[in-house]
Amino acid sequence: MEKYILLYGDKKPEDNICITNMFENTRQINLGWTDFDYNHNVKIIDEEIEKGDTQVIFSGFEIGWDKLVDYIKEKNIKVKVISNTQDSLLYYEYERNNFFRLLELSKEGKVDDMAFLRKGEYEVYKSLGYKCSYLMENYILDSNKKKEVKKENGTIDIGIYPLNYTWDKNIFNQLCIGKMLDNSNVNYNELDERMTDFLTTMNIESKPDKIENINEDEIINKVIKNDINVSLSFTEYFHPVFFISMEQGVPCIIGNTSDLFDGNEILDKYIVTKAEDNPIINSKLIEDCLKNRQVVMEEYRKWKNEYNKVAEENRNKFLEK
């Protein structure tokens, strides 16, 4: 396998939880706002090339990184980019500008491969003639980090931990779920005081459970407090809260925003909602999931063992391309 270095920024720390878990050889670089950032990043790239790396992979495509692509190609080094956006997120000007610049570089032959984390997106851009790959998202929790917490309060604790306060995180529809479940409590990542105002107005039993730093350890410490966790974004390509929760043995329901459970009827039935914006449907899904918790977690473990193998093969194929 060709030697590589994967470079990532701090713009989307939730992505980095998964990407640094999927790839061993990674380094953080700056977003390219200034000449200082550019020079800092070039120094890191030079250090990696001197080690014999034959390809540079960017996780995402951030402001100013197009200049780094030009620099790397002058050295005849292969460049690949893992797209960290979706067409739905091109609503944001920052996302749109960077993604369109990435497409330009691909057309110019300066980016040798673009990897997409959703199969449909990959198929669209492949049909348009771009050199691209489908990269399967994954996350494997180190067994040494697994924790157990015994709950004794008798309530149904529901964890809702959006990692960004944006429209696509579907925050308030998720918070409403607590209104539909008797004897329940919502533990939530208080990203904005309006979340607390909403819960108070709706008279939903809840407790702020703020994530101070978005990283693996902090999310582990949050999700293990709950009977079930909820991660119902409107659009998604990485699912860190879902994976961390499930790997810890705590069920987590997700939106219909992944390519994970192709053909698995049990997980599709008890884990995946078909209506991210309907708290009535999702409260019922939580009840069904908890009633069948043992079956769900046993099926997840079987599915995940096989998925890990396929995802590793998929990643290696991307690296060797």
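Compared with the rule-of-thumb size 2.2 N^0.38 Å for a compact globular protein, region 1-54 has a Cα radius of gyration ratio of 1.19. Each of the peptides 126-134, 176-184 was scored by the mean count of other Cβ atoms within 10 Å over its residues; in descending order, highest first, they stand as 176-184, 126-134.
The residues of the chain have, on average, 47 Å² of accessible surface per residue, using a 1.4 Å probe with all protein chains present. Computed over region 68-190, the convex hull of the alpha-carbon atoms projects to a mean area of 11.8 nm².
How far, in degrees from 0 to 90, does helix 293-320 lean away from the longest principal axis of the Cα atoms of the chain, to the nearest 10? That works out to roughly 0 degrees. The portion of the accessible surface of the chain made up by carbon and sulfur, rounded to a whole percent, is 46 (1.4 Å probe; DNA, RNA and ligands excluded).
Net charge in the neighbourhood of Gly249 (other residues with Cβ under 10 Å of its Cβ; Lys, Arg +1, Asp, Glu -1) is +2.
When peptides 94-107, 246-259 are ranked by their average number of other Cβ atoms within 10 Å per residue, the highest-first order is 246-259, 94-107. The order of the peptides 39-52, 217-230, 68-81 by mean Cβ neighbours within 10 Å, most packed first, is 217-230, 68-81, 39-52. Computed from Cα atoms, the angle from the helix 13-22 axis to the main principal axis of the chain rounds to 70 degrees. Dimensions of region 169-321 based on its C-alpha atoms, expressed as ranges along the principal axes with the largest first, amount to 53, 33, 24 Å. Computed from Cα positions, the angle between helix 35-50 and the longest principal axis of the chain comes to roughly 80 degrees.
What is the extension gain from Phe100 to Lys207, computed as 0.36 nm multiplied by their sequence separation minus the C-alpha to C-alpha distance, in nm to one decimal?
34.4 nm
For semi-axes √(5λ) of the Cα gyration tensor in Å, computed directly from the structure shown, the correct entry in (1) 37, 21, 18; (2) 49, 24, 17; (3) 35, 23, 22 is (1).
The values are calculated or read from the model by the stated rules, or taken from the named source; none is laboratory data. Just so it is clear, the model here is predicted, and its values are computed rather than measured. Here Cβ is always computed from backbone atoms with ideal geometry, including for glycine, and neighbour counts include all displayed protein chains. For accessibility, only protein heavy atoms count, side chains too; no ligands or nucleic acids. Shrake-Rupley method; radii C 1.70, N 1.55, O 1.52, S 1.80 Å.
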